[in-house]
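Colleague: Got a structure here, written out as structure tokens. Questions coming.
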């Protein structure tokens, strides 16, 4: 059953609010209308295009600085960061990321996006991956946009922090990883506590 224009626009606004990184193409599929209709709806609702929404999210939410590696070494574009709490990055899957014969993304790019985000979220200049457990849920194809979300799960002893990273295409999970991260400053903190400083 086709939605009325007002109902569709209401649901469109709600969908974009819940998933700001959703593309016009995905919205067109979801609401079973043309991409042009989605663009017109967005214009009427004064909702900016995806690129502007990404910039807006980054400007409004990202007020921390990556410490563990230079920003250009993070795979994907970081759009949200709260050190030792959470981070989000977006990776556009392009021709250089896929196998030429079937346009499927090479797994190491998904891993690199997740792993570099796990490093970036750690509030330490010497954050390193000690161990990782990975699951690839489905193939990712050229033209898809992968949104990786890192959450710092909790801290363990001896300078290790657990970071969980889940990567999505639209709202479908495509990759999941649990990263055990080494950090230098927790060890310093533990040794100073032991000496009573």
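The values are calculated or read from the model by the stated rules, or taken from the named source; none is laboratory data. As the structure is a prediction and not an experimental result, all values here were calculated from the model. Cβ atoms come from the backbone with ideal geometry, glycine included; neighbour counts cover every protein chain shown.
Colleague: Can you tell me how many residues in the stretch 140-178 are in contact (Cβ under 8 Å) with a residue 24 or more places away in the chain and under 22 Å from residue 77 (Cβ atoms)?
Modeller: 25
Colleague: So, one more: Would you check which residues across the stretch 149-167 are modelled with pLDDT under 90 and touching a strand residue (DSSP E or B) at 6+ places or on another chain (Cβ under 7 Å) and list them? Give the derivation first.
Modeller: First, pick out the residues of the stretch 149-167 that are modelled with pLDDT under 90: 153-160.
If the condition is that a residue be modelled with pLDDT under 90 and touching a strand residue (DSSP E or B) at 6+ places or on another chain (Cβ under 7 Å), then 153, 154, 155, 156, 159, 160 are the ones that fit.
Colleague: Exactly one of these conditions fails for residue 32: (1) loosely packed, with under 15 Cβ neighbours inside 10 Å; (2) at negative phi. Give me its number.
Modeller: (2)
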